[in-house]
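Here is the structure we will look at, set down as structure tokens.
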Amino acid sequence: MRVVALEEHFAVPALVKRINPDAISRRGFRPRNAPAGGPNPLELLDEIGERRLKSMDEAGITTQVLSGSGPGPDLVPGADGVAMAREMNDHLAEAVARHPDRFAGFAVLPMQSADACAAELIRSVKELRFVGALINGTTEGRFLDHPSYDDLLAAIVELDVPIYIHPHLPPEPVRQAYYSDLQPGACRVLESAAWGWHSETAIHLLRMVLAGTLDRHPRLRLIIGHMGEMLPVMLARIDEVSALDIAHLQRPIGRAILDQVWLTTSGIFSEPPLLAALLTFGIDRIMFSVDYPYAPNAKGRAFLNRISLAPADMAKLTHGNADALLKLKA
């Protein structure tokens, strides 16, 4: 069966080296412990060729939709950030062109220069044939509900492509208040993959609803990963406790999310979160992903082999929903 994975990452080390190390440190990047049995995911990021394709083939993954992993242009202000985003997108476009049946691309954007984001998105979709954009969390403490990003969101709607809201580390004041004063490894994992990334992305999406951003852009389509960033188990609770405080919105919070958001399975390979996602969002809104190279393709395949879905639903999960949303062609 055709299998599409759409939260799969790459990096361009030569471009990352141009980012001010102080900016990288302030954003919260810390050294990661490499798995004892290898390989180190960070060593796999920059390879978009035979090694990656071999791993995909072994796991039965037909297509990866690739997106830039931080540190990236969102840490670089002004013209340098705009130029870096353009170079990274050109690099990805060249890789996709070498294997157009195996790779597609999400644009990276110069998020510190909000006025330049729409132009780079339009170029990436119209000229480079990318299928949307991916945003890594907040930028200088700003979420996508900030008015400076309205032109970007309008362009996304006009181009009829989705935007993937990907986790990033919480801003420094949040990290200090919530995740400090633990052993260094414990701080790093709690503020990132164990909890902080996911709650930060859920808050990002909830802010967009509560700020009225989704009401202003009702055709905006959003993707979030990791089985919905904990939102599937919270939607009913959110609607119940917010009912008296959202008269400014056109829809209940949960309704707005269910109307405009798709989920991926990235990095979550256990059945209870999938069940929660199925019961809240339904099979038509869930798409398979691995989170390569941070998660191995083999784990994603083992998860697919283990779960029990009707054939039509498995087809939606593995490729049908992604093909429709991203206009991918088999």
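G28 sits among other residues whose Cβ lies under 12 Å from its own Cβ, and their net charge, with Lys and Arg +1 and Asp and Glu -1, is +2.
Within a Cβ distance under 14 Å of L128, other residues only, what is the Lys/Arg minus Asp/Glu net charge? Let's see the in-between values first.
Numbers: positive: R86, R98, R123, K126, R129; negative: E87, D90, E94, E120, E127.
With Lys, Arg at +1 and Asp, Glu at -1, the neighbours total 0.
The alpha-carbon of K126 sits under 18 angstrom from the alpha-carbons of these lysines, leaving out residues fewer than 8 places away in its chain: K327, K329. Our summary gives segment 174-296 a relative contact order of 24 percent, counting only alpha carbon pairs under 8 angstrom and 6 or more residues apart.
The accessible-area ordering, largest first, of the residues H226, H99 stands as H99, H226, per a 1.4 angstrom probe. Taking θ as phi - 60° and the Karplus parameters 6.51, -1.76 and 1.60, the scalar couplings of segment 247-253 work out to 5, 6, 9, 7, 9, x, 4 Hz in sequence order, x denoting glycine and proline. Once you mark the trypsin sites (Lys or Arg not before Pro) that are in a DSSP loop and have at most 15 other Cβ atoms within 10 Å, what is the longest gap between them in the chain? It runs 220-326. In the chain, the calculated helix contribution to ellipticity at 222 nm averages -13000 deg cm²/dmol per residue, counting -39,500 (n - 2.57) for every DSSP H run with n ≥ 4.
By its C-alpha gyration tensor, with a ≥ b ≥ c as the square roots of the eigenvalues, how is segment 173-330 shaped: rounded for a/c under 1.5, else prolate for a/b larger than b/c, else oblate? Oblate, because a/c is 1.5 or more while a/b does not exceed b/c.
Rounded to whole numbers, the Karplus 3J(HN,Hα) couplings from phi for segment 120-125 are 5, 4, 4, 4, 5, 7 Hz, using 6.51 cos²θ - 1.76 cosθ + 1.60 with θ = phi - 60°, and x at Gly and Pro. Within the shell of other residues whose beta carbon sits under 12 angstrom from the beta carbon of L231, the net charge comes to 0, with Lys and Arg scored +1 and Asp and Glu -1.
Could I get the Rg over Rh figure for the chain? Both from C-alpha atoms, Rh via Kirkwood, rounded to two places. Can you show the working numbers first?
Working: Rg = 18.8 Å, Rh = 20.1 Å.
My calculation of the ratio gives 0.93.
Under 5 Å from the amide H of E8 lie the amide H atoms of V65, S67, each residue being 5 or more positions distant or on a separate chain, with H modelled from the backbone and absent for Pro and chain starts. When you restrict to C-alpha pairs under 8 Å that are six or more residues apart and normalise by the size of the chain, the relative contact order lands at 20 percent.
Within segment 166-201, the chymotrypsin sites (Phe, Trp or Tyr not before Pro) that combine a DSSP coil assignment with at most 16 other C-beta atoms in a 10 angstrom radius are W195. Segment K329..S25, full-extension length gain: 105.4 nm, with 0.36 nm per residue of separation and the alpha-carbon distance subtracted.
At the residue level, V233 shows approximately 110 square angstrom of accessible surface with a 1.4 angstrom probe and all protein chains present. Of the whole protein surface, L190 contributes about 60 Å² of accessible area at a 1.4 Å probe radius.
The values are calculated or read from the model by the stated rules, or taken from the named source; none is laboratory data. Being a predicted model, the structure only gives us computed values, none of them experimental. Here the Cβ is made from the backbone with ideal geometry for all residues, glycine too, and neighbour counts use every protein chain on show. Remember, those area values only see protein heavy atoms, side chains included, never the ligands or the DNA or RNA. Shrake-Rupley method; radii C 1.70, N 1.55, O 1.52, S 1.80 Å.
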